[in-house]
Amino acid sequence: QAKALGRCNYQYYSPEMNARTLDRLTLENALRHAIERHELVMLYQPQYDLRTGAMAGVEALLRWRPHGRDMIGPDVFIPIAEETGLIVPIGEWVLRTACAQQVAWRQAGLPALRMAVNLSARQFRMSGLTAMVAQALHDTGCEAGDVELEITESVLMERADTAEETLQHLSGMGVRLAIDDFGTGYSSLAYLKRFPIDVLKIDRSFICGIPGDANDAAIATAVAALAHSMQLSVVAEGVETDEQRNFLMSLRCEYAQGYLYSKPVPAGAIAALLGTMQ
Ligand code: C2E
Ligand code: MG
Ligand code: MG
Ligand code: MG
């Protein structure tokens, strides 16, 4: 049981443990109809600028609420969506929904919020990705510079040449690129130099132990120093305590996201959070 390992070890909890208790085929078939049945829901988790205390952006996080069932988290259904190829239409729905929301906030007079959207490995490898992104931006009227696409390190390592081409195209369009869960995957630091990356997101498994755990503190410090020396900005994810925030501020980490500020919330709750002081 994940809990018995201590609160910083939740990353060892495998989504399979969850999925096994559900009927995989039923789930797979239901997921095929999730978009048309309006069962997919986007939540948004604010990211705060540690220098000003202001909300600077949000990360779009997907949920699935099948009719008559409890909400299912992405750790359970994203792997199924990847295996079945359903990630392609689902990923397109996510990007369009998030971009449309970004524009709706702007039109409602909210301060500009950057919209971070996760891309899964299979989505990143699909041939029409850049065209899909361009179309979503065009159709929603969202500015490329207001969108940040999050990819994981493993995506960069597989077929590095195609990955580089895709990243160059996206970056050329003006979209920002972030490495999610930085430090947890297999990758080579050489890619940071070679690819047009803008942001490193320090994984929450390293944030969990700071400032007390010497290893986590060393890793967070090293990642921030590495990022800054390469002109990248740093987002810390999973920030839950004032002590963690203070330590991140001492590292001159630019942005923080986590339960200390807010859990992921429906779009309608963002305006209210903008009004609260941090
Ligand atoms: P991620 O991109 O690393 O997202 C951060 C996860 O950490 C989210 O889980 C968020 O709810 C959680 N989190 C944020 N702050 C805290 C905190 O202070 N403490 C703790 N314990 N957790 C925190 P969530 O929403 O369950 O998403 C899990 C993963 O599913 C995401 O990890 C991302 O890889 C994937 N995912 C979510 N939405 C999408 C999507 O639209 N498309 C794709 N391809 N993947 C998605
Ligand atoms: Mg993410
Ligand atoms: Mg992450
Ligand atoms: Mg993570």
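If you wrap the stretch 100-187 in the convex hull of its Cα atoms and look at it from every side, the mean projected area works out to 5.8 nm².
Across the protein chains, with a 1.4 Å probe defining accessible surface, the residues Glu150, Glu165 rank Glu165, Glu150 from largest area downward.
Under a model in which nothing but the beta-carbon of Lys, Arg (+1) and Asp, Glu (-1) is charged, the chain shows a dipole of about 340 debye around its Cα centre. Rolling a 1.4 Å probe over the heavy atoms of the protein chains gives the chain an accessible area of 48 Å² per residue.
What separates the Cα centres of the stretch 183-222 and the stretch 79-138 is a distance of 25 Å.
Comparing Ala224, Leu248, Ala267 along the charge dipole axis of the stretch 177-269, the residue lying farthest to the positive side is Ala224, per the Cβ-charge model. When a 1.4 Å probe is rolled over the protein heavy atoms, the share of accessible surface on the stretch 201-278 that falls to carbon and sulfur comes to 56 percent.
At the residue level, Glu28 shows approximately 40 square angstrom of accessible surface with a 1.4 angstrom probe and all protein chains present. Taking one quarter of the surface of the convex hull spanned by the alpha-carbon atoms of the chain gives a direction-averaged projected area of 14.7 nm². Neighbours of Gly212, meaning other residues whose beta-carbon lies under 15 angstrom from its beta-carbon, give a summed charge of -3 when Lys and Arg score +1 and Asp and Glu score -1. Oblate is the label for the stretch 146-200. Its Cα gyration tensor axes, ordered a ≥ b ≥ c, give a/c of at least 1.5 and b/c at or above a/b. The helix-only estimate of mean residue ellipticity at 222 nm for the chain, built from DSSP H runs of length n ≥ 4 each weighted as -39500 (n - 2.57), is -12500 deg cm²/dmol after division by the residue total. Unpaired Cys in the chain, meaning no second Cys C-beta under 4.7 Å: Cys253. Using a probe of 1.4 Å, the accessible surface attributed to Lys201 totals some 0 Å² when neighbouring protein chains are kept in position.
Shape call for the stretch 163-278 from the C-alpha gyration tensor, a ≥ b ≥ c root eigenvalues: rounded (a/c under 1.5), prolate (a/b greater than b/c) or oblate?
Values: a/c = 2.18, a/b = 1.21, b/c = 1.80.
Oblate is the answer for the stretch 163-278, as a/c is 1.5 or above yet b/c matches or exceeds a/b.
The values are calculated or read from the model by the stated rules, or taken from the named source; none is laboratory data. What you see is a predicted model; the values in this text were computed from it and never measured. Positions of Cβ are generated from backbone atoms using ideal geometry, with glycine treated the same way; all protein chains shown enter the neighbour counts. What goes into the accessible areas is simple: the full protein's heavy atoms, side chains included, and nothing from ligands, DNA or RNA. Shrake-Rupley method; radii C 1.70, N 1.55, O 1.52, S 1.80 Å.
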